Amino acid sequence: MELVFEKSRAGRGGQNLPPLDVPETVIPEEFARVSAPRLPEMAEVDISRHYTELAKRTHGVNDGFYPLGSCTMKYNPRINEEAAALPGFTKLHPLQPVHTVQGALDVLYLAEQYLAEITGMDRFTFQPSAGAHGEYAGLLLIRAYHKDRGELEQRKKIIVPDSAHGTNPASAVMAGFTVVNIPSLDNGCVDLEALRAACGEDTAGLMLTNPNTVGIFDENILDITRIVHEAGGLVYYDGANLNAVMGVARPGDMGFDVVHLNLHKTFSTPHGGGGPGSGPVGCKEFLAPFLPRPSVAESTDGELAFLDMPKSIGKVRSFYGNFLVVVKALTYMMTLGAEGIREAAQNAVLNANYMASRLSDLYPMAREKGVMHEFVITLEKLHKEKGVSALDVAKGLLDNGIHPPTMYFPLIVHEALMVEPTETESKDSLDEAIAIFRKVYEQAAADPESMHEMPLHTPVRRLDEVGAARNPRLKYEF
Ligand SMILES: *Cc1c(COP(=O)(O)O)cnc(C)c1O
């Protein structure tokens, strides 16, 4: 298909700018561009057709089942979008006087209270734009805490179990810590002996992804937080996948000091293609002075105001984060209510367990029991015996109208496929997906060679994924 730049025709256009209603200003020469931007020139109808054509070539959550493990590609209710599209929100400027934006501050204030209730934390910031960004901000809180107590020089190590999300060790390094990796047991839980051995006077903290990357809720979670606290460290909860536990269990009650959430997973903002996302960070009261500034608080005259915080780690992003994502998350929480939030988590876990149990006679599961909202398949045996890889199976699923599960993640499982059905799928759509998974497996067993040819029916066949990663071509070469 042609790119917009190839479809462009000089002089064609669809813009109709409104008349100027502000005083005209001349841009100083040093800031003015020297040549016109090379934008595609197209009529509105051509642009509309272009993007419709593109949309038809991809697979989104509105096309069908999308069990991309760890990413929570659930269906996001339209009402969230309607709320976020209200002109009272979209037409705001972040530098408006606060008495004119009381409603927007109320959104931040209320959303903070809801998330604090859901996680058992005391305060939240909405500045981070993504999960990994939240991890980084949360680690800066841990750093600021040790610094404040004069122990930063001594406490430089962050312990990360090997079942953690890959962003955890990366964020710890970015925040200036060294990472101590500890193994997990065969059942997917943290090895407590290894944890005890790793803890000491140099421990700054531990980051735990829970449920972890094999979809397991660590049964020793109270021991884990206690062991780290006894060593003087703080405990960080990677709550990107709170979909499994929201409304049922709270990181704050398990002893965690800091948590981040992914609003663009659990709290129902569409994602993919780079955003916009939101990775709010919550903490216990004793860490609140270090949160990014400013925070929203009630002032003495009953209005909401921005509070400056002298011990703050500073800003981690401009203004208050991706505000409209917070509007969507708040709409989602308010429409579900406490009961609905719990039910969503319960259905997410039920759906994953239903699918896992209907597939486990064919597809070997990486861990035997106790999966939460997602499960991990290992195709090591199929690969060894028939030469069919996890990638081949993923392509086979794609040919049958299903988005593939996450592949080759987590790294501790060979030939992994990580399946997260989410709570928004009905039993009918799960049954349909189960039938397709079974059909693809049977084909792999009966005719392994044919699997290397898949997909046959998608707009593009197999892509050069290594080439795309090594030599990305991200802009049009004129
Ligand atoms: C998705 C995810 C992250 C990272 O979130 P981004 O918004 O992609 O930066 C971190 N931890 C876990 C467990 C995740 O699933």
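Within region 119-157, the set of residues being in contact with a helix residue (DSSP H, G or I) (Cβ under 7 Å, 6 or more places away or on another chain), away from the ligand (no atom under 16 Å from the Cβ), in a loop (DSSP other than H, G, I, E, B) and not charged (D, E, K, R) comprises GLY120, MET121, LEU152. Among the residues of region 59-76, those that are more than 15 Å from the ligand (Cβ to nearest atom) and either of a type in the set (A, V, I, L, M, F, W, C) or under 15 Å from ASP399 (Cβ atoms) (or both) comprise HIS59, VAL61, ASP63, GLY64, PHE65. Residue under question is GLU423, and the condition is that it be acidic (Asp, Glu) and not in a helix (DSSP H, G or I); does it hold? Yes; evaluated as a whole, the condition is true for this residue. Checking each residue in region 361-405 for being in a loop (DSSP other than H, G, I, E, B) and more than 30 Å from GLN346 (Cβ to Cβ) picks out GLY387, VAL388, SER389.
Check ALA445, ALA435 and return the single one that is without any contact (Cβ under 8 Å) to a residue 40 or more places away in the chain and either in contact with a helix residue (DSSP H, G or I) (Cβ under 9 Å, 6 or more places away or on another chain) or closer than 30 Å to SER268 by Cα (or both). Give the derivation first.
Values: ALA445 fails: without any contact (Cβ under 8 Å) to a residue 40 or more places away in the chain.
After ruling out the rest, the residue left standing is ALA435.
Entry remark, region 230-280: residues being within 12 Å of the ligand (Cβ to nearest atom), under 22 Å from ALA144 (Cβ atoms) and not in a loop (DSSP other than H, G, I, E, B) number 7 in total. Confirm whether ARG250 is touching a helix residue (DSSP H, G or I) at 6+ places or on another chain (Cβ under 8 Å), modelled with pLDDT of 95 or more, surrounded by fewer than 23 Cβ atoms within 10 Å (Cβ to Cβ) and charged (D, E, K, R). Yes. Within region 206-229, if we keep just the residues that are within 16 Å of the ligand (Cβ to nearest atom) and in contact with a helix residue (DSSP H, G or I) (Cβ under 6 Å, 6 or more places away or on another chain), the residue that is farthest from ASP257 (Cα to Cα) turns out to be PRO211. Remark: pairs (first residue in region 380-391, under 14 Å from PRO404 (Cβ atoms) and at pLDDT 95 or above; second residue charged (D, E, K, R) and surrounded by 20 or more Cβ atoms within 10 Å (Cβ to Cβ); Cβ separation under 8 Å; 6+ apart in sequence or on different chains) = SER389/GLU415; ALA390/GLU415. Right, ALA116: part of a helix (DSSP H, G or I) and either closer than 22 Å to LYS265 by Cβ or within 16 Å of the ligand (Cβ to nearest atom) (or both) or not? For ALA116, the condition - part of a helix (DSSP H, G or I) and either closer than 22 Å to LYS265 by Cβ or within 16 Å of the ligand (Cβ to nearest atom) (or both) - is met. Considering only residues that are in a loop (DSSP other than H, G, I, E, B) and either touching a residue at least 24 places away in the same chain (Cβ under 8 Å) or touching a strand residue (DSSP E or B) at 6+ places or on another chain (Cβ under 6 Å) (or both), look in region 319-360 and name the one that is surrounded by the most Cβ atoms within 10 Å (Cβ to Cβ). Going through the qualifying residues, I end up with GLY321. Hey, can you tell me all the residues within region 90-113 that are in contact (Cβ under 8 Å) with a residue 12 or more places away in the chain and either in a loop (DSSP other than H, G, I, E, B) or surrounded by 15 or more Cβ atoms within 10 Å (Cβ to Cβ) (or both)? Those that are in contact (Cβ under 8 Å) with a residue 12 or more places away in the chain and either in a loop (DSSP other than H, G, I, E, B) or surrounded by 15 or more Cβ atoms within 10 Å (Cβ to Cβ) (or both): LEU92, PRO94, ALA104, LEU105, VAL107, LEU108, TYR109, LEU110, ALA111, GLU112.
This table checks each residue for (1) in contact with a Gly (Cβ under 9 Å, 6 or more places away or on another chain); (2) surrounded by 15 or more Cβ atoms within 10 Å (Cβ to Cβ); (3) part of a strand (DSSP E or B).
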position: PRO169; (1), (2), (3): no, yes, no
position: GLY176; (1), (2), (3): no, no, no
position: VAL179; (1), (2), (3): no, yes, yes
position: ASN187; (1), (2), (3): yes, no, no
position: LEU195; (1), (2), (3): no, yes, no
position: GLY205; (1), (2), (3): yes, yes, yes
position: LEU208; (1), (2), (3): no, yes, yes
position: VAL214; (1), (2), (3): yes, yes, no
position: ASP223; (1), (2), (3): no, yes, no
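So that you can scan it fast, the table gives a plain yes or no per residue for (1) assigned to a loop (DSSP other than H, G, I, E, B); (2) out of contact with any Gly (no Cβ under 6 Å at 6 or more places or on another chain); (3) surrounded by 12 or more Cβ atoms within 10 Å (Cβ to Cβ); (4) aromatic (Phe, Trp, Tyr):
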site	(1), (2), (3), (4)
GLY14	yes, yes, yes, no
ASP21	yes, yes, no, no
GLU30	no, yes, no, no
ARG33	yes, yes, no, no
LEU39	yes, yes, no, no
ASP46	no, yes, yes, no
ARG49	no, yes, yes, no
THR52	no, yes, no, no
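Scanning region 151-183 for residues that are charged (D, E, K, R) and over 23 Å from the mean Cα position of the chain (by Cα) gives GLU151, GLU153, ARG155, LYS156, LYS157.
Tell me, please, whether a residue that is acidic (Asp, Glu) and farther than 27 Å from ARG342 by Cα can be found in region 226-235. For region 226-235, residues acidic (Asp, Glu) and farther than 27 Å from ARG342 by Cα: present.
All conditions but one from (1) under 30 Å from VAL245 (Cβ atoms); (2) acidic (Asp, Glu); (3) not in a helix (DSSP H, G or I) apply to GLU82; the one that does not is (3). Checked against (1) within 16 Å of the ligand (Cβ to nearest atom); (2) surrounded by 22 or more Cβ atoms within 10 Å (Cβ to Cβ), ASP162 passes all but condition (2).
Selection of first residues in region 9-21 that are at pLDDT below 90 and of second residues that are surrounded by 10 or more Cβ atoms within 10 Å (Cβ to Cβ) and in a loop (DSSP other than H, G, I, E, B), restricted to Cβ pairs under 6 Å at least 6 apart or on distinct chains, gives the following pairs, ordered by first then second residue: GLY13/GLU41; GLY14/ALA43. Residue-level analysis places PRO87 outside the set of residues that are over 28 Å from THR269 (Cβ atoms) and exposed (fewer than 12 other Cβ atoms within 10 Å of the Cβ). Close Cβ contacts (under 6 Å, 6 or more residues apart or on different chains) running from residues in region 285-312 that are under 18 Å from THR119 (Cβ atoms) to residues that are of a type in the set (Gly, Ala, Ser) comprise PHE290/ALA144.
The values are calculated or read from the model by the stated rules, or taken from the named source; none is laboratory data. Quick caveat, the model's predicted, so the values are computed rather than measured. Using ideal geometry, Cβ is built from the backbone for each residue, glycine included, and neighbour counts are taken over all protein chains shown.
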